[in-house]
Structures are given as C-alpha cells and as structure tokens.
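Notes follow once the structure below has been shown.
The values are calculated or read from the model by the stated rules, or taken from the named source; none is laboratory data. Since the model is a prediction, treat every value here as computed from it, not as a measurement. Don't worry about glycine lacking a Cβ; one is built from the backbone with ideal geometry, like all the others, and counts go over all protein chains shown. All accessible areas refer to the heavy atoms of the entire protein, side chains included, with ligands and DNA or RNA removed. Shrake-Rupley method; radii C 1.70, N 1.55, O 1.52, S 1.80 Å.
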Amino acid sequence: MKMKSFKSLMLAASLMIAPTMANAQTQTSESYTSYYFVQGQGGLHIPFTPGSRGDLMKPSFGLNVGTWFAPAIGARFGAEGLKSAIKYGDNYESFNYLNFNLDAMINLFSFVGMSDSKAKLYVLGGIGLNCITKKGVRPTSTKPDIARNLRVGVGFDYQIAKPLSLSLEYRMNNTADYFNGRQNNSTDWFSSLMLGVAYNFGHKVHVVEKPVAAAKALSLYDQMQAGVNERMKLWMKRVKGESKADYLARTAPEAIETQRLAFTKELSTDLAKTHANTEIADMSYNQKANMLGVAFTAMPTIFLTDVPESELNGLNKNNLQLTNTVYNLNPGDKFEVLYTEMLNPATGKKYTYRKPADGKQVSTDGFMPVIALQQVMENRVRLQQITDKALLEAKSKGILTDNTTINVNARLVPAKDGKADYLIDYDYNVKDGFSVKDDFAPGKYDADRSAASTAMLKIITESMNGDFAKYMVPGKEVTINYQGSADSKPVRKKIAYNGRYGDIKDQAVDVNGKTENMTITKATGIKSNEELSLVRATSVRSSVLKNVPALKDMKLKEKYAVKVSDKEGSEFRRVAVNFIFHDVAY
C-alpha cells in the first residue's frame, strides 16, 4: 500500500472515530484570573490600653506586596508602623515601632457567586513580628525589642480600573505583654484602620478543563416502559386478514389499557428475576384479622388473609417460599409484588396473595412479630404439660377425680411502641354434682383446702417460677386479677372468718360489673355471698404472693372481682386468677 493511500485511510478512520471520542471525552472549561499587587496604606494606629482614645491614636503607614492566586484566596507580605503610645500616670508617652506580617486573605464574595465582581469583601489572618525601632521616653525594659504578632481583620477592596483598586481595612493585632513597656501579665492588643491604594499587575487567565458527566444509563423503569411501548406498537398493528370491525374491537380503549398492563407485568417480572431484592426482612401477624404480614427488605409489605394462627408454627422468613410471583416496577426502580403463592414447608400449607384492586393501605396496628407469637404457642404447650402433670399427680393420690379440668391459656395483646401485654389465665371446671368433693364446700373459702383450686395454685407456682420467670423483671408493671364466685344460696347466718388473710378494709371490688368497697374482719365475719367470694379471691392472692416471691419486686397492681350466680349449686363456687405482664418487648 502506498504511503499516500495509507494516510488517506487513516484520515478517514480518524474522522469516523472523532465523534465517538469527543462524546466519550467531552469536557467543559472554567477560567479564573490571578494577579500581583503592590499596596500602600495609611491610617490610624489604635492601642487598646487605658487612656484617652484620642491621645493614644497615632498615624500609621503600611506597604504590602502580594498576589491573588484565585478569586477566593490571596496572600501578602507587608510592613506597617510609625508610632504607638501609652499612658504613664498623667502623661502620654510614645515610641516608634515597625510591624512585619505575612497574611492570608479569603474573598467572601467568591462563595456567593460573585467571583467576577470588581469588589472583594475579604477576611485576613496572619503572623509576624513587632520591632521597637526607637524607644523615646518608653521605660527601659529587660525584654527584647522584638515581639511576636498575630492578627485578624476584615477589608473591602474595589477595582476602579484594571490596574488600580481602593481599599478600606480594619485589623486587630495581638502581641507580647512587654510591647508597650507595661507588663501586667496579659498580652497587648492594638488595631489599625487603614485606607489603601493598590497597583495590580501580571494578570493571568487560568483555564481549568472539567469532564462532563456521562449521560446516565436508562433506569430499569425506563427500560421497562420502552419495552412496553415497543410491544404495544406491534400489538396495535392490524393483523393480516383481520377485519376492520375485529381490529376496532381488539383495540378499544379498555382493551388497550388491559394489554398495556399485561405487558407491564410481564416485563416487570422479567426484570425482577435479575434485579429485584426479594429478601424477606420480617413477618408479623394480626390475631383478630387472621392476617399475615410479610415485610421485604426492598419492597412494600404484603398482607395475606385467612391465615390461621395455629399454622404459624414452623413458619420463618428463611423457609417461606414464593412461587408464581408477578411483579410491578414503579418509578425509581421500585419493585412490588402483585401476586404470589406462598408455601410454608413446615406445614405444607399454601397461601395466595393478590394486591387489592382499591390499593388501600393496610394498617399495621394490631400486628405482632410471628416469632413472638410462636414463643407464646410454645408456652401454651409447656403450660399444658405442667397442667397434665399436676392433674395426673393429684388424681393418682386420690385428691382429684376425673371430673375436674384445669384451664390455662397464654396470649399476647398488642400495646404500643413495639411492645405487648402478655396475658396468662388460670381457672378450672368441675362437672355438676362433684364440686363438693373436688372444690369448695358450702361456706368454705380457703383455696388451699379445695382440691381443684390447690391443683390450680400448684400449676401457677411451677409455671411462674419456671417458664414465666423471665417476665418478672424488678420494677416492671404487672397486673393480677383475682376472681372469686359463689352461688345464690343466701348466707342466713354469719360465717366465721378465721382472719388468716388479715383484715380486709375498704377493698375496691368489681361486683358483677359494679365497683363496691368491702370490709371483712375477724370480728364482723362473712355476711354475704359477695363477701364470701372476696375472701376466696383473697386466699388465692395469699398463695400466689407466698409461692411466687419475685412478684413482690415488681410494680404490682392488684384487682378483685366477684360473681354471685342467680342459681344455686356447687358448680358456681370457684376461684380464678389472671396475670398481665405489661410492655413485654417483642
């Protein structure tokens, strides 16, 4: 190949490549100007020392050379001085000094979009030396005639022509204690108010090349919308052999919207396979609504309905399987689940979710973490084991018959701030006609002398000192509700009260839904079924506090309720107790 042809080929190739290279390396430029200056100043030297300000002020002159590196920052070296004064007794005495300082300057206007302004409002700070050149009548000092100097100031400079500018500057100087000849264990201060004129020269324009940020890649949402638009274009074309009537029916407004939605779901779901974060962060449950909430790390929470609480066992965020999921992609590349089938491998149960058509948000009030409810379910199992063991033991000893059943239950009730109240109920049932043997005889009230209530109290002691001991935190609040009941058989003759539980005075009691105050002492005895029921409830309290000592260190709130049946029979003579541990953390 001839050299000329080779050059022609390279030129053509370079012309083809140039646009691409320019696009890849596109830059923008910014410029700023730097310059040097020589500045003369004249003004007042003002010492901060006792005396008349008018007598202390002296003329001062200065000469500076420096540069503005850029509109924002500059530096200079200069000398300033002539005379300073101090008052001794009733006389004002002066001495000559010369200050050499190196200052840095910052133009505040450059930070508010005024870099190109002819004016500068600047602050300065610097270090230097003060030299005493002629002491005059200044007292002789053993200290050196050279002292360090620190200063700060503010100035305003205005360019009246390119080489000339005028300025007004005020600065504060801090120097050694002995500078003015008076030593009082504090540094000396003086200030200067100076007018100046500067000659500016050596102006140079600096150009800074900055790359232009590359155009952002299309977002996932934009990609999806572009794909939908392309598919809609093809779909909107009239198919060969399609009649005009069929085409118009197929492309009716409602049909177009339906088809566009179908394409959107399809493409969103495809993108979700590689871009969506489907990690499950947590699960919660609403006991009243039988609703399971599945919270994702990067997608909105979905709520499945008709999920029985009994099926939560074995369910956790790591084993929950999502199948046949359909996604939607929203602006900002935010995915959401429109449809999914959820499988719990532990139970084999499958649940279906469809996003509500009305788009109504589900309130999270009443939802609690699944893991907390699973703990409650485990506690229920444990309670039942303790109960079965206690009943078996009592029946094997002939204390109880098969006619008595003891009931225990534990449940969480949502409170606030991510906490809940933990309720634990204890009661029992005795079949009709067997209460005299297994439960309270007529007029009796000691819970530890009833076989049924004794078994219940034993279960309370074992469970409270065992599985539920972790909830008995000193200082935490717990409410205990004691309940006693009686039948309708009237107390015709006062029942003797043995005083075993102390005098009961003005005790607030819920009597069949109404609050009453009751007093029962050994002297007054028991005069009604309501009082008999209260003593039965009080006997339960005595046993609980005696056998569960950790309760006494808690913030204990106790309530009493009594019920008197309108029917007569031993099956209406009962006791029960309910514990509420407040603000239990999930």
What residue among 224, 239, 267 has its Cα farthest toward the positive end of the dipole of the range 136-295, where the charges are +1 on Lys, Arg and -1 on Asp, Glu, each on the Cβ? 239
In nm, what is the difference between 0.36 nm times the number of residues separating residue 249 and residue 111 and their Cα-Cα distance? 43.3 nm
Normalised contact order of the range 352-437, rounded percent, pairs of Cα under 8 Å and 6 or more residues apart: 24
Please work out how much accessible surface residue 302 shows to a 1.4 Å probe, ignoring ligands, DNA and RNA, in Å² rounded to 10. 0
Each residue of the range 67-78 in turn: what ³J(HN,Hα) in whole Hz from Karplus with 6.51, -1.76, 1.60 and θ = phi - 60°, glycine and Pro shown as x? 8, 9, 5, 7, x, 8, 9, x, 8, 8, 10, x
Can you tell me the FRET efficiency between residue 330 and residue 469 if r is taken as the Cβ-Cβ distance and R0 is 41 Å, rounded to the nearest 0.05? 0.25
Residue 365-residue 150 pseudo-label distance in nm [points 7 Å out on the Cα-to-Cβ vector]: 6.1
Compare the Cα positions of 406, 164, 460 along the charge dipole of the chain (+1 at Cβ of Lys, Arg; -1 at Cβ of Asp, Glu; about the Cα centre) and return the one farthest towards the positive end. 164
Stretched out fully, how many nm does the piece from residue 218 to residue 432 gain, at 0.36 nm a residue minus the Cα gap? 69.2 nm
Protein accessible area in the chain, 1.4 Å probe - carbon and sulfur %: 56
Which of the listed residues, 538, 512, 561, is farthest toward the dipole's positive end in the range 483-579, when Lys, Arg count +1 and Asp, Glu count -1 at the beta-carbon? 538
Using the C-alpha gyration tensor of the range 396-506, what are the square roots of 5 times its eigenvalues, in whole angstrom, with the largest one first? 30, 20, 14
Mind ranking 322-334, 481-493 by how tightly packed they are, going by the mean number of other C-beta atoms within 10 angstrom, highest first? 481-493, 322-334
Cα-centred dipole magnitude for the chain, charges only on beta-carbon of K, R (+1) and D, E (-1), debye, nearest 20: 880
Over the range 174-278, calculate the relative contact order: mean separation of alpha carbon pairs under 8 Å at least 6 apart, over the residue count, as a percent. 20
Angle between the chain longest axis and helix 3-24 axis [Cα atoms, degrees, rounded to 10]: 60
Take the Cα coordinates of the range 368-444, assign each an equal point scatterer, and use the Debye formula without solvent to give log10 I(q)/I(0) at q = 0.21, 0.26 Å⁻¹. -0.93, -1.19
Projected label distance in nm at residue 79 and residue 168, using a 7 Å step from Cα toward the beta-carbon: 2.9
For residue 277 and residue 503, what is the calculated FRET efficiency with R₀ set at 56 Å and r taken between the beta-carbons, to the nearest 0.05? 0.25
Which value does Rg/Rh take for the range 188-265 over its C-alpha atoms, Rh per Kirkwood? 1.71
Within the range 276-290, the residues whose backbone N lies under 13 Å from a label point placed 7 Å from the Cα of residue 377 along the Cα-to-Cβ direction are 284-287
Return the FRET efficiency for the residue pair residue 201, residue 100: r is the Cβ-Cβ distance, R0 is 25 Å, and the value is rounded to the nearest 0.05. 0.60
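Convex hull over the alpha-carbon atoms of the range 76-211: what's its volume per residue in Å³?
Cα-based convex hull of the range 76-211, divided per residue, equals 151 Å³.
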Any number yet on Rg/Rh for the chain, C-alpha, Kirkwood? 1.31
Given N residues in the range 440-562, what is its alpha carbon radius of gyration divided by 2.2 N^0.38 Å? 1.10
Inter-label distance for residue 556 and residue 317, nm, one decimal - labels placed 7 Å from Cα along Cα-to-Cβ: 4.0
Computed, not fitted: 222 nm per-residue ellipticity of the chain from DSSP H runs ≥ 4 (each -39500 (n - 2.57)), nearest 500, equal to -7500 deg cm²/dmol
Percent of Cα-Cα distances greater than 25 Å, calculated over the range 200-340: 54
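Before anything else, pin down the relative contact order of the chain: Cα pairs under 8 Å, at least 6 apart, normalised by residue count, whole percent.
Value for the chain: 9 percent.
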Return the subset of 395/431; 120/162; 522/563; 444/546; 334/355 for which the Cα-Cα distance in this structure is over 18 Å, preserving the input order. 522/563; 444/546
Express the accessible area of the chain per residue in Å², computed with a 1.4 Å probe while the remaining protein chains stay in the model. 55
